[in-house]
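Colleague: Quick one: the structure is below, and I'll ask about it shortly.
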Amino acid sequence: MNIILLGPPGAGKGTQARKLVDERNMVQLSTGDMLRAARTSGTEMGKMVAGVMDRGELVTDEIVIGLIREQLEGDAVDGGGAGGGFIFDGFPRTLAQADALGALLNELDQPLDRVIEMQVDDDALVGRITARSTCGDCGEVYNDKTTPWPADGNCANCGSTKQTRRADDNEESLRTRLLAYYKQTSPLIGYYYAKGDLVSVDGLASMDDVAESIKSVLA
Ligand code: AMP
């Protein structure tokens with residue numbers, strides 16, 4: 001089963017994707033994670049997108065479509081890693097990306113089974129994002145208020161001491177990211193609704209309740 005998790009920054013796409021990877025053997029394809037990895041390893045592309053990402057703007061369709069193509073045509077498919085299917089997390093974000101993904105999946109004879117829209121209101125997003133930190137080693141997500149980084153300083157999942165905060169998790173770039181979402185990404189809701197692929201879930205519910213809603217969509 002191949003699915004898209006669609007929603008504004010802070011809706012919980014990454015958190016739910018990680019649960020699906022653990023529980024259903026799915027493969028998470030997060031363009032945000034791929035771009036951050038390119039920055040960390042200092043590739044030319046990574047250097048090129050750094051400023052754009054920090055400002056909260058979208059990088060070009062060409063770059064992200066290229067990243068997804070590489071993954072789909074490479075090991076992710078051939079190695080059987082996608083036995084449980086792909087989760088597209090943070091991709092597509094524009095209509096051009098949605099068209100490109102449709103064409104790529106067609107080429108590879110892969111279905112797109114569901115597009116799950118995670119609905120969250122803007123006030124909740126600001127609160128979640130400004131409180132967010134992640135483990136620099138395993139990617140576990142924490143929230144200063146609801147699930148704080150453990151007091152002993154070690155990640156509860158892997159024991160690492162590398163608590164990190166994303167450079168773009170500040171109010172100014174969040175405003176730009178939200179604007180980009182409403183202007184460029186939210187038209188995808190209508191696009192997938194018209195195709196009959198869209199299901200919406202309440203992203204404001206607790207993490208476990210959201211996971212349950214997603215589970216029933218995938219049943
Ligand atoms: P995310 O981790 O999904 O919030 O993405 C972080 C940043 O990476 C975004 O604010 C964009 O600058 C960039 N990015 C990630 N995915 C995409 C995409 N599909 N299209 C364009 N830019 C993206």
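The values are calculated or read from the model by the stated rules, or taken from the named source; none is laboratory data. Source: prediction; values computed, not measured. Cβ placement follows ideal geometry from the backbone for every residue including glycine, while neighbour counts extend to all protein chains displayed. When the accessible area is computed, the model is the full protein with side chains, heavy atoms only, and any ligands, DNA or RNA have been set aside. Shrake-Rupley method; radii C 1.70, N 1.55, O 1.52, S 1.80 Å.
Colleague: Is the range 151-196 rounded, prolate or oblate when judged by the Cα gyration tensor, a ≥ b ≥ c being the square roots of its eigenvalues, rounded requiring a/c under 1.5 and prolate requiring a/b larger than b/c?
Modeller: oblate
Colleague: What would the Debye equation give as log₁₀ I(q)/I(0) for the range 105-219 at q = 0.11, 0.17, 0.19, 0.20 Å⁻¹, counting only Cα atoms as equal point scatterers?
Modeller: Results for the range 105-219 at q = 0.11, 0.17, 0.19, 0.20 Å⁻¹ read -0.51, -1.06, -1.17, -1.20.
Colleague: For the chain, what does the accessible surface come to per residue with a 1.4 Å probe? Please give it in Å².
Modeller: So the chain comes to 50 Å² accessible per residue, rounded to a whole number.
Colleague: Using label points projected 7 Å from each Cα along Cα→Cβ, tell me how many nm separate D122 and V21, to one decimal.
Modeller: 3.1 nm
Colleague: Can you give the FRET efficiency to the nearest 0.05 for M207 and M45, using r as the Cβ-Cβ distance and R₀ = 25 Å?
Modeller: So, using R0 = 25 Å, E works out to roughly 0.15.
Colleague: Projecting each Cα onto the charge dipole of the chain (Lys/Arg +1, Asp/Glu -1 at the beta carbon, about the Cα centre), which of G203, G190, W149 comes out farthest on the positive side?
Modeller: After comparing all options, I get W149.
Colleague: Going by the alpha-carbon gyration tensor, a ≥ b ≥ c the square roots of its eigenvalues, is the chain rounded (a/c under 1.5) or, if a/c is not under 1.5, prolate (a/b greater than b/c) versus oblate?
Modeller: Since a/c stays below 1.5, the shape of the chain is classed as rounded.
Colleague: Under the rule a/c < 1.5 gives rounded, and otherwise a/b versus b/c splits prolate from oblate, where does the range 174-219 land using the Cα gyration tensor?
Modeller: It is oblate, given that a/c is not under 1.5 and a/b is not larger than b/c.
Colleague: Can you give me the orientation-averaged projected area of the convex hull built on the Cα atoms of the range 18-106, in nm²?
Modeller: For the range 18-106, averaging the hull's shadow over all directions gives 6.1 nm².
Colleague: Here's another thing I want to ask about it. For the range 65-166, I need the span (max minus min coordinate) of the C-alpha atoms along each principal axis, in Å, sorted largest to smallest.
Modeller: The Cα atoms of the range 65-166 stretch 49, 34, 22 Å along the principal axes, largest first.
Colleague: Ignoring everything except DSSP H segments at least 4 long, calculate the 222 nm mean residue ellipticity for the chain; use -39,500 (n - 2.57) per segment, divide by total residues, nearest 500.
Modeller: Computed mean residue ellipticity for the chain: -14000 deg cm²/dmol.
Colleague: Kindly rank 9-19, 133-143 from highest to lowest mean number of other beta carbons found within 10 Å of each residue.
Modeller: Answer by packing, highest mean first, reads 9-19, 133-143.
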